[in-house]
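Heads up, the thing below is written out as structure tokens.
The values are calculated or read from the model by the stated rules, or taken from the named source; none is laboratory data. Keep in mind the model is a prediction, meaning the values are calculated, not measured. Neighbour counts run over all protein chains shown; Cβ positions are idealised from the backbone, glycine included.
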Amino acid sequence: MVHQGVTATMRSARAAMVSSRAAAAAAARASCGRRANSSSASSSSSSSSRKPVFVDGARIPFVLSGTTYKDLLAVDLGKLALRGLLNRNPELDPKDVDYLLFGTVIQESRTSNIAREAGMGAGIPVSVPSHTVSQACISANQAMCNGAEKILAGTADVVLAGGVETFSDLPIRFSRPIRNRLLNLGKAKKKGLPGVLGLLKGLKLKDIAPETPAIANYTTGEVMGHSSDRLSGRFGISRQEQDEFALRSHQNAAKAHADGIYDQEIIPVDGSTDENGVKGESTLEKLGSLKPAFVKPHGTHTAANSSFLSDGASAALIMSEGRALEMGLAPRSSFKSWAFVALDPFEDLLLGPAFGAAKVLDDAGLTLSDIDVFEIHEAFAGQVLSNLAAMNSTDFAQKSMGRSAKLGEVPMEKLNIHGGSLSLGHPFGATGVRLVATATNRLHREGGRYALVAACADGGLGHACIVERYDS
């Protein structure tokens, strides 16, 4: 009985301790949020201001795979982006960088920690710790937010974050039966030619075929295009609406390039800022003539209203407000709120933007009507339009999001007005920085206060953040 009493007492104490720690952690998170949201440019010029600010973000041109960068490795693209960012900010000595985070999805085994390899290759000192993150299409988003969290935690003041992807140099493997035999080649050689020839025993013709990285989701076995096509049917998004949205993206991107909008964001490669996936000359008739790419023969997703395989890299400079001001660097925006969400990959694979937007708006104490700029990743035209429909649906809000009211309607005149992933391209690991950089620059150009950035990702993941314009 005594033993049972002591055990019960210990359990009670342990439960109280866990509850206390949970309450303390919640209070700490709330405190961090308040610190991040309440400080202003004039409140402090010392390094004690831990508000994470976005100082600069840039990318090399995003291009169609198999074209401009076909002879380069992903690590080479990462170096170009990092070097370009450092060259644009000469006030920053690479020795002042505290940490480097880089996102990528399809990893090359020789550069598995591509953050480290690209960083050293770009001239960042070997003393700077680096690690690579992989979270499908929101890898760079995760890198930036991890950097912001390091700043809030006080473990870094100067962070480089970004990402890279190439589909021009995919790691293609032998099949498992071939790999198993190659691993035993050393032992077989000791037995001479008979031993080597013995490795061929049991091989089938299909075993000779190489394995390429799968675009399909591992758990569902479904490619994102199939999921997005079904999602569009669920929300009643027609083929024509998708083609119109895709055409809008290309026309907006072509105009932005012609007007020099992206000169502020793109680091020239061989003197060029061209992004060759932009098809501003396309027409609705051309788009309408294409056959379904995923759900055949009656699907609504085609090669034109889906994002294409792209190569590219991006990099951002994120700092604590105090350190940026001390170094004479001008912050462009601040991260007011951010969140990552996880959903059912079978039914809600690409609805991350809607769920993420609800979370960050609530956390920031804002509504959709407070947002001046929207930058939403365009994996597929149908995916974007489905998320917009979900945000503007009371039924979806009540049944799927547990909310009493819908978020509201996103004004098209505020959404992706300079194009998006459908036209500019979508190197998986790099898109996040493009979204935040474009949103930040638009806030200053258009005189807005808040931007909502959102993106879906394979696996039912999603990211959203509220970016606030920083005024010096």
Residue match in segment 114-128 (condition: of a type in the set (D, E, K, R), part of a helix (DSSP H, G or I), within 30 Å of Thr67 (Cβ to Cβ) and in contact (Cβ under 8 Å) with a residue 24 or more places away in the chain): yes
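For residues that are among the small types (Gly, Ala, Ser) and part of a loop (DSSP other than H, G, I, E, B), scanning just segment 258-292, find the one that is nearest to the chain's Cα centre (by Cα).
Once the filter is applied, the top-ranked residue is Gly277.
Conditions (1) farther than 22 Å from Glu222 by Cβ; (2) of a type in the set (A, V, I, L, M, F, W, C); (3) free of Cβ contacts under 8 Å to residues at least 24 places away in the same chain; (4) surrounded by fewer than 22 Cβ atoms within 10 Å (Cβ to Cβ), marked per residue:
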site	(1), (2), (3), (4)
Asp344	no, no, no, yes
Glu347	no, no, yes, yes
Leu350	no, yes, no, no
Phe355	no, yes, no, no
Leu368	yes, yes, no, yes
Of the criteria (1) surrounded by fewer than 21 Cβ atoms within 10 Å (Cβ to Cβ); (2) in a helix (DSSP H, G or I); (3) touching a residue at least 60 places away in the same chain (Cβ under 8 Å), which one Pro171 fails: (2)
Lys279 vs. criteria basic (Lys, Arg), surrounded by 12 or more Cβ atoms within 10 Å (Cβ to Cβ) and within 30 Å of Leu72 (Cβ to Cβ): yes
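Residues in segment 75-90: is at least one over 21 Å from Gly277 (Cβ atoms), part of a loop (DSSP other than H, G, I, E, B) and at pLDDT 95 or above?
Yes - at least one qualifying residue is present in segment 75-90.
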Filter pass, Gly462 being touching a residue at least 12 places away in the same chain (Cβ under 8 Å), surrounded by fewer than 21 Cβ atoms within 10 Å (Cβ to Cβ) and not aliphatic (A, V, I, L, M): no
Total residues in segment 369-381, condition under 26 Å from Glu149 (Cβ atoms) and either in a strand (DSSP E or B) or touching a Leu at 6+ places or on another chain (Cβ under 6 Å) (or both): 5
Criterion (surrounded by fewer than 19 Cβ atoms within 10 Å (Cβ to Cβ), free of Cβ contacts under 8 Å to residues at least 12 places away in the same chain and out of contact with any Phe, Trp or Tyr (no Cβ under 8 Å at 6 or more places or on another chain)) met by exactly one of Asp274, Asp259: Asp259
Qualifying positions in segment 82-123 - closer than 18 Å to Ser314 by Cβ and among the small types (Gly, Ala, Ser): Gly84, Gly103, Ala115, Ala118, Gly119, Gly121, Ala122, Gly123
Selection status of Val384, closer than 22 Å to Ala358 by Cα and in a helix (DSSP H, G or I): yes
